[in-house]
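For reference, the structure discussed in these notes is given below.
The values are calculated or read from the model by the stated rules, or taken from the named source; none is laboratory data. This structure is a prediction, so every number in the text was calculated from the model and none was measured. With ideal geometry, Cβ positions are generated from the backbone for all residues, glycine too; neighbour counts draw on all protein chains shown. Ligands, DNA and RNA are stripped out before the accessible areas are found, and what is left, the full protein with its side chains, is counted by its heavy atoms. Shrake-Rupley method; radii C 1.70, N 1.55, O 1.52, S 1.80 Å.
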Amino acid sequence: MAYASRIINHSKKLRNVPNLLRHDHAVLVRCFSNGAQSSVCKSEAAERERVSKFVACYHVSSGLPRNNCSRTTMRLGIPTGGVAYSRELTCSQVQSRRGFASDAGFPPHQEIGMPSLSPTMTEGNIARWLKKEGDKVNPGEVLCEVETDKATVEMECMEEGYLAKIIKGDGSKEIKVGEIIAITVEEEEDIAKFKDYSPSTSDSGAPAAKEPAAPPPKQEPVQQPVSSPEAKSKPSSPPSEDRLFASPLARKMAEDHKVPLSSIKGTGPDGRIVKADIEDYLASRGKDVSAPTPKTKDGKLEALDYVDIPHSQIRKVTASRLLISKQTIPHYYLTVDTCVDKLLDLRSQLNSLLEASGGKRISVNDLVIKAAALALRKVPQCNSSWTDDYIRQYNNVNINVAVQTENGLYVPVIRNADKKGLSSISSEVKQLAQKAKENSLKPEDYEGGTFTVSNLGGPFGIKQFCAIINPPQSGILAVGSAEKRVIPSSGPEQFQFASFMSVTLSCDHRVIDGAIGAEWLKAFKGYIENPESMLL
C-alpha cells in the first residue's frame, strides 16, 4: 500500500509538468544541466529548488537515467544571460548548437557544424579558414570557405564570440553535413580551455556507430551418423597447398601471368584448376588474358607510370548525376543543320554598334541562347520535367549554359532568357563564366534551370555531338561548329557557298515525343536562319 501511495503521489506531480514548463523555461534549462554554473538571482532560488525536486521525481517515475539529463536539448527562442544552454539551429545555411559547461571542465561554448548550402549537399570540404584560433568573430563575418557539391561558398558567423578551436582544418575532405568543424566561446579567457578539445561521436554529425552485432546463436551439437572406415579415410577438405591439382594449360597461363595457384579456387572435377579459373582471376584483376605480361630485358615486370588525381567535389557530383541520367532517362537525339549566314551578318552589325557605344561584343552562343529560349516559349512542352505523378511544365524559361573549368563542368543559369535582350544575355554569360572559373558561384547562380545549352563548336571546333540531359530537365541542345559548304544555286550547273551549323537536341522520351522535339527544332532553326525575328 505504501508503494502504491508513492506512485499516486508522483503521478499527481507529473500533472503539473505543463505549468512548470510554461512558468520559466530558463529555470528548467538550468536544472536540466548538471554541470552548468547558473548566475540566477536569489529570488529564483526557491523556484529552482522546487523544479529540481520535480526533476528528481520525474526520473524515478519515468525511468529516465540521471546521467542523460545534462544532454537534453531545449529549443529556446531567446538566450538567457549568463546561462549555458543547448540550442540547435535548424536553418539550412548554418548548423550550430550551444553546449553546457560539462564535468570535463569546458565552459559554455557553441559547436559549429558543417552547413547544408545546397539541396543536394550531403558532405563538403573546407577550402580554407579566413579566421584563426583565438580571433574575435562578429555576426556577418566570414569564417571559412566551404567547397560544396557545386561551388565554393563563404560561411558566415551568426553570433559574436571567439574562435576557440578549429576541428576541421584547411583542406579537410568529405565532412558530413552537421559534423562539428569548429568551437566558439563567449569569453576570451575560455579559449585556452579548448586546446585539447575533441567532439564526442554522439555530438558530431557523422553517423552513429553501428550497434555491436548480436552474438551468433549457439549451435547445438548434432550427432554425426556412424560412417564406415572407408568414408572416414576420404579427405573432406580441399587438397593442401603443396598438392594443387591443375590442368597443364592452366599451369602455363598461371606461370605466364605470375598468378599463384594457391590463390585460385578450382571449379573442375575434384577441385581441379582449369583454364576458365585462370581467366576469371585475371579478369577480376583487370589484366589482359590474351597476351602475357610484358617484361623488361632484366626479366622484371614493366610497371605502369601513372598519377592518381583525387576527385573534386564537383567532379563526384557531376559523375553521379550524369550516370543517373543515362541509366534512368530514355534519351533520343534529333539533329538538324542550320544556315547561319544571316546570323553572322546580324552579329557583325550589332557588334559594330556596341563597339561604337562602348558595349561588349555579342557571341554566336549568345544568339543561340536567345533562339533556344524563344523556341521554348513557342513549344512549351520541351520546357518541362518528369515526375512519377505528373509532367511539370515551367512558365519561366531559365537556360543553363555549360562552362568547362579546371575544377570540372559548371552550368550557371540565365533566368528568363526569353525576356532579356542580347546585350543583357551576353553580359550575364561572361560574368557567370568568370565566376565559374574562379570557383565562386553561389547556389542562386546555377539552380532553377529548365533547359541547357552546351556549345563545343565555337571554342573547340567540334562538328556535332550528343549531350547528356541534365536532370530533372528534359532536354539539352548540343551546338557544333559552323562550316562552309557548297550548295546548289538557282541556275543550272551553278552553286554557291553557305555556312551551316549542326545542332543536336537530346530529349527525354517520357516528356518530349519525337514530333514535339522536331517541332522545337523547327522553331529554333527558324530563329537562327531569320535572326531579325528574335529582335521583334
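General observations
- Within the assembled protein chains, the solvent-accessible surface assigned to residue 308 is about 120 Å², based on a 1.4 Å probe.
- With 0.36 nm allotted per residue and the present C-alpha distance subtracted, the residue 533-residue 188 stretch has 117.5 nm of extension available.
- Ranked by solvent-accessible area (1.4 Å probe, protein heavy atoms only, all chains present), the residues 386, 520 order from largest to smallest as 386, 520.
- Computed from the C-beta positions of residue 308 and residue 258, the FRET efficiency with R₀ = 22 Å rounds to 0.40.
- Peptides 314-327, 159-172, ordered by how many other C-beta atoms sit within 10 Å of their residues on average, highest first, read 159-172, 314-327.
- Extreme residue, positive dipole direction of region 365-483, given options 466, 383, 423 (C-beta unit charges): 423
- Pairwise label distance in nanometres, residue 444 with residue 377, each label 7 Å out on the Cα-Cβ vector: 2.4 nm
- On the beta carbon distance between residue 332 and residue 133, with R0 = 60 Å, the FRET formula returns roughly 0.60.
- With 18 Å as the limit on Cα-Cα distance, the pairs of 176/435; 132/442; 165/316; 342/370 that go past it are 176/435; 132/442; 165/316.
- The simple spin-label model puts a point 7 Å past each Cα toward its Cβ; for residue 174 and residue 509 those points are separated by 3.7 nm.
- Förster radius 25 Å - calculated FRET efficiency between residue 395 and residue 322, Cβ distance, rounded to 0.05: 0.35
- The portion of the accessible surface of region 108-191 made up by carbon and sulfur, rounded to a whole percent, is 42 (1.4 Å probe; DNA, RNA and ligands excluded).
- Other-chain or far-sequence residues with amide H under 5 Å of residue 165's (modelled H): 183
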